[in-house]
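Engineer: Supplied in structure tokens, the structure appears directly below.
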Amino acid sequence: RKEVEQDPGPFNVPEGATVAFNCTYSNSASQSFFWYRQDCRKEPKLLMSVYSSGNEDGRFTAQLNRASQYISLLIRDSKLSDSATYLCVVSTGGFKTIFGAGTRLFVKA
Amino acid sequence: EAQVTQNPRYLITVTGKKLTVTCSQNMNHEYMSWYRQDPGLGLRQIYYSMNVEVTDKGDVPEGYKVSRKEKRNFPLILESPSPNQTSLYFCATGTGGVEKLFFGSGTQLSVL
């Protein structure tokens, strides 16, 4: 079993739709959680950190469920520019990071 | 401008020919790390460095070497490349470790 698992998609949604991605992790000692965005073959960029109480940044909402060991990302009012691969990242608190394989999103006009 | 610079952007080589991929940052970050990205596997950590002269293995260190003689540079060395090291490589830096990572633009390596 992979340490961090994501549905690879692709998710194909129309503009304005709401879409949600989940990510599960296997190590219960994991302490830090993040969502990164990666455009095709380019470098990943931090989208947002995920806090225990959940957090929101504009159209993006991240949630953490420690009991079930998953994190989620909700995108509201999808834009064409949201088309990308979304990477779930987990850290156990040291300097090692575990990336999920990513979920591809296509937003269509 | 804050930058993480990787070179080269593309590299084609043959099995066994030693190569070095350079990574340089001007953000004065202590933490630097190397990843490889393969289809369906996501980014996997190769080596990381917490500070000058301090390095440690990630999840897939076999076949790679690194050095951290200066804060700004963290080269990745393949002493004897093999075809299974064909991949997209990223260097990353961070301040407190993994809280926020800044990535270089990547190096596409093909080993024939």
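The values are calculated or read from the model by the stated rules, or taken from the named source; none is laboratory data. Keep in mind that this is a model prediction, so the values were computed, not measured. No Cβ is skipped: glycine too gets one built from the backbone with ideal geometry, and neighbour counts run over all protein chains shown. These area figures cover heavy atoms from the full protein model, side chains too; ligands, DNA and RNA do not enter into them. Shrake-Rupley method; radii C 1.70, N 1.55, O 1.52, S 1.80 Å.
Engineer: Could you please find all residues in segment A:70-92 being over 11 Å from the mean Cα position of the chain (by Cα), open to solvent by less than 50 Å² (accessible area, probe 1.4 Å) and modelled with pLDDT under 95?
Structural biologist: Listed by number, the list holds a single entry, A:91.
Engineer: Which of the residues belonging to segment A:94-109 are more than 9 Å from every other protein chain (Cβ to nearest Cβ) and open to solvent by less than 70 Å² (accessible area, probe 1.4 Å)?
Structural biologist: Narrowing segment A:94-109 to residues more than 9 Å from every other protein chain (Cβ to nearest Cβ): A:103-109.
Correct list: A:103, A:105, A:107.
Engineer: Moving on to the next point. Let me confirm something: among B:28, B:73, which residue is on the phi > 0 side of the Ramachandran plot and away from chain A (no Cβ under 14 Å)? Write out each step before concluding.
Structural biologist: Working: B:73 fails: on the phi > 0 side of the Ramachandran plot.
When all the criteria are applied, what remains is B:28.
Engineer: Checking residue B:23 against (1) open to solvent by 40 Å² or more (accessible area, probe 1.4 Å); (2) in contact with a Pro (Cβ under 9 Å, 6 or more places away or on another chain), which single condition isn't satisfied?
Structural biologist: (1)
Engineer: While we're looking at this one, here's another question. Output the residue which, of all residues in segment B:2-45 that are without any contact (Cβ under 8 Å) to a residue 12 or more places away in the chain and part of a loop (DSSP other than H, G, I, E, B), is farthest from residue B:74 (Cα to Cα).
Structural biologist: First pass over segment B:2-45, keeping only residues without any contact (Cβ under 8 Å) to a residue 12 or more places away in the chain: B:39-42.
With part of a loop (DSSP other than H, G, I, E, B) added as a condition, the list becomes B:39-41.
On the way: B:39: 25, B:40: 27, B:41: 24 Å.
Here the residue is B:40.
Engineer: Just one of the numbered conditions (1) modelled with pLDDT of 95 or more; (2) within 11 Å of another protein chain (Cβ to nearest Cβ); (3) under 10 Å from the mean Cα position of the chain (by Cα) is not true of residue A:43; which one?
Structural biologist: (3) is the only condition that residue A:43 fails.
Engineer: Sort through A:70, A:25 and tell me the only one that's touching a residue at least 40 places away in the same chain (Cβ under 8 Å) and in contact with a Ser or Thr (Cβ under 7 Å, 6 or more places away or on another chain).
Structural biologist: Details: A:25 fails: in contact with a Ser or Thr (Cβ under 7 Å, 6 or more places away or on another chain).
Criteria check complete, one pass: A:70.
Engineer: Please work out which residue is farthest from the other protein chains (Cβ to nearest Cβ), limiting yourself to segment B:86-107 and to residues that are free of Cβ contacts under 8 Å to residues at least 60 places away in the same chain and open to solvent by less than 10 Å² (accessible area, probe 1.4 Å). It would help to see each step written out before you state the result.
Structural biologist: Just the residues of segment B:86-107 that are free of Cβ contacts under 8 Å to residues at least 60 places away in the same chain, to begin with: B:86-88, B:99-100.
With the extra rule that they be open to solvent by less than 10 Å² (accessible area, probe 1.4 Å), the set shrinks to B:87-88.
Values: B:87: 12, B:88: 7 Å.
Once the filter is applied, the top-ranked residue is B:87.
Engineer: Here is a list: A:53, A:32, A:78. Which entry is of a type in the set (Gly, Ala, Ser) and within 14 Å of chain B (Cβ to nearest Cβ)? Let's see the steps before the verdict.
Structural biologist: Details: A:53 fails: within 14 Å of chain B (Cβ to nearest Cβ); A:78 fails: within 14 Å of chain B (Cβ to nearest Cβ).
After ruling out the rest, the residue left standing is A:32.
Engineer: I'd like to check something: does segment B:79-88 contain any residue that is among the hydrophobic types (A, V, I, L, M, F, W, C), under 15 Å from the mean Cα position of the chain (by Cα) and within 30 Å of residue A:31 (Cβ to Cβ)? Show your work before the answer.
Structural biologist: Let us first name the residues in segment B:79-88 that are among the hydrophobic types (A, V, I, L, M, F, W, C), namely B:88.
Filter once more, so that each one left must be under 15 Å from the mean Cα position of the chain (by Cα): B:88.
Pick out the ones that are also within 30 Å of residue A:31 (Cβ to Cβ) and you get B:88.
Within segment B:79-88, one or more residues are among the hydrophobic types (A, V, I, L, M, F, W, C), under 15 Å from the mean Cα position of the chain (by Cα) and within 30 Å of residue A:31 (Cβ to Cβ).
Engineer: Among residues belonging to segment B:31-58 that are among the polar types (S, T, N, Q) and either within 7 Å of chain A (Cβ to nearest Cβ) or under 21 Å from residue B:11 (Cβ atoms) (or both), point out the one that is most open to solvent (accessible area, probe 1.4 Å).
Structural biologist: The initial filter retains those residues of segment B:31-58 that are among the polar types (S, T, N, Q), namely B:33, B:37, B:45, B:49, B:51, B:55.
Now narrow it down to the ones that are either within 7 Å of chain A (Cβ to nearest Cβ) or under 21 Å from residue B:11 (Cβ atoms) (or both): B:33, B:37, B:45.
Details: B:33: 0, B:37: 29, B:45: 1 Å².
Here the residue is B:37.
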